[in-house]
Amino acid sequence: MARTRKTAETEEETFEPFFEWQDAYPWQHAMLQARLQQRASWPQALLIHGAAGIGKRVLALNAARALLCEGVEKKHGEACGACESCHYVAIGQHPDLMLIEPFGHDPSGEIKALDAIPVDAIRRLIDFMQVTSHRQRAKVAIIVPAERMNAAAANALLKTLEEPPAGSALMLVAQQWQRLPATVLSRCQRWASPYPSTEEALAFLRNEGVDGAEQLLAQTGGAPLMALERFDPEQQALRQTWQKALAQPHRLSPFALAQAWAGGSRDDNKQRLAQFIEMLIGWTADLARIHGGGVAHYHPECQKMLLSLATAMAPPELFHYHYSLLRQRRWLNHPLQPRLVVEALLIEYRALFVHQRSR
């Protein structure tokens, strides 16, 4: 099993080349137990989908561990956590489990993050699935995030999805599952990853020692893992800087702000670009809510600023801009010039108010 993990299930897609086991989160146990008690009818091709930051990858790995578990005393269908098989899964060394993520090697042999999951990785998965199980339980493969497969990789997977080997289980994990080809979607049974209640998410964050859990949870739309990653003074200071800039669109200088924003490595800038786009999506969603008579959801601390902005813009232009942000998010993993993207998005944002002011 590849010794890799994603540090947080966010659209930032921050990856690190090592594996660290995580037991299922409290909000996942009920679903896991219900599904695993029906393991006799477990789907051979499964798509686990849901929002960023709620633990989809962890859910898939815990389901895989339960399918491979050799213990007699299981926890309501979940893995026992004590047998040899469970131990091998937890350390990333189980011979019957393969985890495919967007990683490759540079010329020096160092592990590097890739923009897409290449076809060679899927070919390795296909070969793996054809080999008899070492421990005579099952063969399990997980692809995460599945929407990062390139076209050749997705096409290569079709035959395995349609005719999976006996005793095998393939799990695709995706946030933007609509980006998967229809030919892949039609061959998978879909499960929506459980979303934690506000109480469950807050309890989790407080247990992790997070101060200001309510505000962080609001910023991330109720996604506790994303909120945990945002629990960082530097990120929060940067967020406040952007909020102040966005609250004064007529004084906003897109070029100067984009110049000040840039400066890190390519990977750092792509991650920060993803965070910036997510913040803009939340900001414009709050503007729409307030314009319709509601209250801010993602930026509750900026309610007054957002209220004054909402009265100075036309809803059609706002909705068009919000939709363009959602489209831009889909292309984050393609080659981009992050600084130019930030500059262009700020120019479009400022134009929302300039056009309205000129009427």
(request) Only helical DSSP H runs with n ≥ 4 go in: add -39500 (n - 2.57) per run for the chain, normalise by residue count and round the 222 nm mean residue ellipticity to 500 deg cm²/dmol. (result) -15000 deg cm²/dmol
(message) Tell me which trypsin sites (Lys or Arg not before Pro) from region 39-114 have a DSSP coil assignment and no more than 13 other beta carbons within 10 Å of their own.
(response) none
(message) Normalised radius of gyration for region 16-145, please: alpha carbon Rg relative to 2.2 N^0.38 Å, two decimal places.
(response) 1.08
(request) Could you grab the relative contact order for region 129-271? Cα pairs under 8 Å, six or more apart, rounded to a whole percent. (result) 15 percent
(message) At 1.4 Å probe radius, can you tell me the per residue accessible area of the chain in Å²?
(response) 46 Å²
(message) I need the GluC sites (Glu not before Pro) found in region 170-270, filtered to DSSP loop residues with at most 13 other beta carbons within 10 Å of theirs.
(response) 208
(message) Leaving out ligands, DNA and RNA, and with a 1.4 Å probe, what % of the accessible surface on the chain is carbon or sulfur?
(response) 52 percent
(request) Excluding residues on the same chain fewer than 8 positions from residue 244, give the aspartates and glutamates whose Cα lies under 13 Å from its Cα. (result) 301
(request) May I ask you to list the lysines whose Cα is less than 18 Å away from that of residue 112, ignoring any residue fewer than eight positions away on the same chain? (result) 6, 270
(message) Are there any chymotrypsin sites (Phe, Trp or Tyr not before Pro) in region 295-342 that are in a DSSP loop and have at most 16 other Cβ atoms within 10 Å? List them by number.
(response) 331
(request) Averaging sequence separations of C-alpha pairs under 8 Å and six or more residues apart, then dividing by the length of region 94-200, give the relative contact order as a whole percent. (result) 27 percent
(message) With only alpha-carbon pairs counted, each pair once and no self-pairs, how large is the Kirkwood hydrodynamic radius of the chain in angstroms?
(response) 22.0 Å
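The values are calculated or read from the model by the stated rules, or taken from the named source; none is laboratory data. This one's a predicted model, so the numbers in the text were calculated from it and none came from an experiment. Cβ atoms come from the backbone with ideal geometry, glycine included; neighbour counts cover every protein chain shown. Quick note on the areas: whole protein, heavy atoms, side chains included, nothing else; ligands and nucleic acids left out. Shrake-Rupley method; radii C 1.70, N 1.55, O 1.52, S 1.80 Å.
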